[in-house]
Amino acid sequence: MPKAQVTFEDIGVTVTVPAGTRLIEVSEKVGAGLTYGCREGECGTCMMKIVSGSEHLAAPSVLEDQVLKDIYAGASNRLACQAQVLGGHVVVRPG
Amino acid sequence: MSAPVAVVPGQPVAIAADVHWVGALDPDLRQFDIILRTANGTSYNAYAVRGSAGVAVIDTVKAEFAADFFARLWACCRPDEIRAIVLNHLEPDHTGALPELLLAAPQARVYLSAAALKMLKGIVKDGVDESRLVVVDEDTRVDLGGRSLRFLYTPYLHWPDTQCTWVEEDGLLFSGDVFGCHFCDARLFNDRVGDFRFSFDYYYQHIMRPFREHVLSALDQIEPLPIRLVAPAHGPVLRDAPLSYVRRYRQLATPQLANEAGEREKTLLVFYISAYGNTARMAQAVRDGAEGVDGVRVSLYDLAGGDAAPFVDLIEEADGLVFGSPTINGDAVKPVWELLSSLTLVKVKGKFGAAFGSYGWSGEAVGLIEDRLRGLKLRVPRPGVKVKLIPTDEELAACTTLGRELAEHLVGRAAPRHIDFTAPGALVA
Ligand SMILES: Cc1cc2nc3c(=O)[nH]c(=O)nc-3n(C[C@H](O)[C@H](O)[C@H](O)COP(=O)(O)O)c2cc1C
Ligand code: FES
Ligand SMILES: [Fe+2]
Ligand SMILES: [Fe+2]
């Protein structure tokens, strides 16, 4: 099975997950401080900062891009309910 | 002899030259938004601001009071004079008459925040012609002829859409719910009405307090303004010493309890409740473990001995929270839930949390508390400790470890961990 690693910097936890996992599927299980509202890529509550490894995330959808723009997100921000990790090692934190 | 009444049916009330209150009184209301009570009803304050080039209407009223609003509005302007409709806040108590106003003044443009634009469809179900909508920012200026409207970006007071409107030429701040209160008094002006101080504070505590940081950033913008009058969306119009209400907000938004711990110390609060002393012994162990970590000040509280309110004040300032509850009838016990359900009054997002407790056979309490902590947007980095009946020395040691590890998270010294979710079924669990 292709795998990927994600580090939740705010709690110092690294997880190994199957490639294709969305961050929302693991962040709550490990107790990271990423929070969700709509869970469908609409409200922007789950905005996170990609500290490194953004190239290992699937490109944002049109919807995610629009929401990020609406909430004045920076270039290193993504929505945790949408972002899907494809491989390698991604480091994230809330914000 | 009674004091002069400002508000009479069908008549607008002048609050400044060519500026009128066109709101409605709701003296019989006793409960608002489910979460607030009021001994004095409320008012829905809307305003009409006239310049030489036309009129701006700032907010409207709750739907049931639309007739009052329009009677007052049409007594001070014609529909075709309205150039601007300003929406400081989309909550239905201020947008109930909006659909009718949009129809009555089809030439008027609607000025609102970017966040309000996204919610408008949910409020005006037939939609609004997009060409009428203007999303404002700090540079927007609506010239009414001789006076103009500017907008302050003050989100989350108390919805994402909220903003304030500022008329620089006259020093008028139309503040929306900020500086408002549920206090209905036909004398309208703060120097005439009855004593509304507790209503003002109560409104802050129940509506604004969860957004304390947003209040502080709004005050940073509001305090430098040369304000002559504050016209909020509920309660008295603040024309006498308006800045004293701005100062009161600054006081209210400043932490209630001065932090005993210094800047460099983190605070961890351990709350527990215990029928036979098992959860109580676990609480001691959690505390002992946390106390061994440098830079963390730990406090232990028995929930059987206190009301939720003062604990909420402590929690607002704390960095970490641990809750201990036995499982009784398949649940954590009521004092724990009472405290946890009071936490929507303060901001707890991002604090560290954990749970522990003794149980007899099913042990639901710990997991339910952890779910609630996550629901409150805390970080819950360590699984809680559940102990069947009387804790052994080993089980108490697990509590000590939980306390120590959570404290290490508070000071940023937690050991990194690795979890493998690729084992079959791991993600489903
Ligand atoms: C004080 C207050 C706080 C609110 N907070 C939230 C919130 O945090 N998230 C949300 O999605 N909606 C929030 N809302 C919006 C309500 O859920 C929304 O107005 C809803 O339509 C009310 O439903 P009801 O008519 O059944 O009362 C809040 C509303 C009020 C009055
Ligand atoms: S939770 Fe709403 S956008 Fe992700
Ligand atoms: Fe409101
Ligand atoms: Fe309101």
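The values are calculated or read from the model by the stated rules, or taken from the named source; none is laboratory data. Just so it is clear, the model here is predicted, and its values are computed rather than measured. Heads up, the Cβs are rebuilt from the backbone with ideal geometry, glycines too, and the neighbour counts pull from every protein chain shown. The accessibility values were calculated without ligands, DNA or RNA, using every heavy atom of the protein model including side chains. Shrake-Rupley method; radii C 1.70, N 1.55, O 1.52, S 1.80 Å.
Below, the figures for the structure above:
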{"read-out": "Amide H partners (placed H, <5 Å) of B:R417, local residues excluded", "value": "A:V13, A:T14"}
{"read-out": "Furthest towards positive pole of dipole, A:P94, A:I71, A:A19, structure part segment A:3-94, Cβ charges", "value": "A:A19"}
{"read-out": "Sulfur and carbon atoms: percent of accessible area, the protein assembly as shown [1.4 Å]", "value": "52"}
{"read-out": "Cβ charges +1 (Lys, Arg) and -1 (Asp, Glu), total dipole of segment B:266-410, debye", "value": "360"}
{"read-out": "Debye, to nearest 20: dipole size of chain B, +1 on Lys, Arg Cβ, -1 on Asp, Glu Cβ", "value": "120"}
{"read-out": "37 °C / 0.692 mPa s Stokes-Einstein diffusion coefficient of the protein assembly as shown, Kirkwood radius on C-alpha pairs, µm²/s", "value": "128"}
{"read-out": "Chain B: angle of helix B:212-222 to the longest principal axis, Cα-based, in degrees nearest 10", "value": "30"}
{"read-out": "Charge tally in the Cβ shell below 13 Å around B:V348, where Lys, Arg are +1 and Asp, Glu are -1, B:V348 excluded", "value": "+4"}
{"read-out": "Convex hull volume per residue in cubic angstrom - Cα atoms of chain A", "value": "81"}
{"read-out": "Charge dipole (debye, nearest 20) of segment B:94-165; +1 at Cβ of Lys and Arg, -1 at Cβ of Asp and Glu", "value": "80"}
{"read-out": "Entries in B:K62/B:K125; B:K351/B:K377; B:K266/B:K349; A:K3/A:K49; A:K29/B:K266 that, when Cα-Cα distance is taken, lie over 19 Å", "value": "A:K3/A:K49; A:K29/B:K266"}
{"read-out": "0 to 90° range, to nearest 10: angle between helix B:114-123 axis and chain B longest Cα axis", "value": "80"}
{"read-out": "Relative contact order for chain B, counting Cα pairs under 8 Å that sit 6 or more residues apart, in percent", "value": "11"}
{"read-out": "Expected 222 nm ellipticity per residue - DSSP helices of 4 or more, -39500 (n - 2.57), all of the protein assembly as shown, to 500", "value": "-7500 deg cm²/dmol"}
{"read-out": "Shape category assigned to segment B:269-327 from the gyration tensor of Cα positions, a/c cut at 1.5", "value": "oblate"}
{"read-out": "Sequence-distant lysines (8 or more away, or on other chains) whose Cα lies within less than 23 Å of B:K388", "value": "B:K334"}
{"read-out": "Spin-label pair B:S52/B:D331, simplified geometry with 7 Å Cα→Cβ offset, distance in nm", "value": "6.7"}
{"read-out": "Degrees, to the nearest 10: B:365-375 long Cα axis against longest axis of chain B", "value": "40"}
{"read-out": "For segment B:74-139 versus segment A:5-25, the gap between their alpha-carbon centres in whole angstrom", "value": "44"}
{"read-out": "Peptide B:374-383 - average C-beta neighbours from other chains (10 Å radius)", "value": "5"}
{"read-out": "Rounded Å value of the spacing that divides the Cα centres of segment B:356-405 and segment B:142-212", "value": "45"}
{"read-out": "Radius of gyration and Dmax over the Cα atoms of chain B, both given in Å", "value": "26.3, 82"}
{"read-out": "Å² of accessible area per residue within the protein assembly as shown, as computed with a 1.4 Å probe and no ligands counted", "value": "44"}
